[in-house]
Amino acid sequence: MATRHFLTLLDLSSDELAYLIQRAITIKNGLKTHGPTYTPFSNRTLAMIFEKSSTRTRVSFETAMAQFGGHALFLSPRDTQLGRGEPIGDTARVLSEMVDAVMIRTFSHDDLHAFATASEVPVINALTDDYHPCQLLADVMTWAERHGNIRGRTAVWIGDGNNMCHSWINAARQFDFNLRICCPEGYDPDSAITAAAGDRVTILRDPQAAVDGADLVTTDVWASMGQEEEQARRETDFKGFQVTEALLDRASNDAIFLHCLPAHRGEEISETLLDDPRAVVWQEAGNRLHAQKALLEFLLLGRIEH
């Protein structure tokens, strides 16, 4: 099987993504019923390269490999020659000789792409400044567990047009749902990414109008990793874009709220929103484990028909 990478949601077909969502649910249910008895990765190793800090990403990938009977190696810039200037392609070629897959959480999407180009084993994007596709697998999985197929539904993104927003745009293309993006002037997502999604994506400025009748509402912190010096200005620019219980009341009766976490209570969300039953963020966070298991299995073993 030719090496497959997962750098954005566009690297898989819509059919393959739909398969992953259902496979992840099957894997999750099996774990609940039988425990971690399914171990297809005996003697397999995942290299995990982290240039950005992480809680959910590291724990979910490392646990996934352990429960699948494999092993995960945590590598920071301090631990590798990447931190001392070894060319990206050289590191990729070396790791290809030693491990079965590589997961990378970094700043530059171009660097990630360069690594994947040189790699002979699957490379997974665990977050760059441009995209966070693994999170979207967990997000769509969470929707599917609650309400079934997301096709034709309406999701709302409120906040910065950042890497998460870009992945939500790609998700709207691949899973065929409508996405309303509500952000202040000057914080729009990349215009080329938006244009490629066509009429599935609409950009609005009024959060109340954006949320009206929506099925799903989601947001992210106003200042992402690496933007901390912009915090004060962003708090001013995003005033009025906080997601609250009252704002969710404008959505459909069965709407859910998602957040990739960590959340800044009192900033992009109200202090008490995560306690609202419509907020399913803990289920969403836990689904990172199962969605990534399905992804790893697919990249290394292909489709599983049972």
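Sites listed here are trypsin sites (Lys or Arg not before Pro) in the range 204-260 whose DSSP assignment is loop and whose Cβ has at most 15 other Cβ atoms within 10 Å: R205, K239.
Size of the range 181-267 from its Cα atoms: along the principal axes, largest to smallest, the extents are 38, 32, 21 Å.
Full extension of the chain segment joining F74 with L301 gains 79.5 nm, where the gain is 0.36 nm per residue of separation less the Cα-Cα distance. Near A210, once Lys and Arg are set to +1 and Asp and Glu to -1 for all other residues with Cβ below 10 Å from its Cβ, the sum equals +1. Estimated purely from DSSP H runs of n ≥ 4, each contributing -39500 (n - 2.57), the mean residue ellipticity at 222 nm for the chain is -12000 deg cm²/dmol once divided by its residues.
Counting 0.36 nm for each residue step from D206 to T236 and taking away their Cα separation leaves a gain of 9.2 nm. The residues neighbouring G302, those whose beta-carbon lies less than 12 Å from its own, together hold a net charge of 0 under the Lys/Arg +1, Asp/Glu -1 convention. Which lysines, if any, have their Cα less than 25 Å from the Cα of K293, not counting same-chain residues under 8 positions apart? In chain and number order, the partners are K28, K32, K52. As a length-normalised measure over Cα pairs under 8 Å and 6 or more apart, the relative contact order of the chain settles at 20 percent.
Note on F177, F61: ascending count of other Cβ atoms within 10 Å places them as F177, F61, the fewest first.
Residues considered: D215, D275, D129. Largest GNM mean-square fluctuation over the chain, using C-alpha springs under 10 Å, is found at D275.
Listed by Cβ neighbour count within 10 Å, with the fewest neighbours leading, M98, M65 appear as M98, M65.
The GluC sites (Glu not before Pro) of the range 261-306 meeting both criteria, a DSSP state outside H, G, I, E and B (loop) and at most 15 other C-beta atoms within 10 angstrom of the site's C-beta, are E271, E305.
Throughout, read-outs are computed from the coordinates displayed, never taken from laboratory work. Nothing here was measured: the structure is a model prediction, and the numbers come from that model. Please note: Cβ atoms are built from the backbone with ideal geometry, for glycine as well, and neighbour counts cover all protein chains shown.
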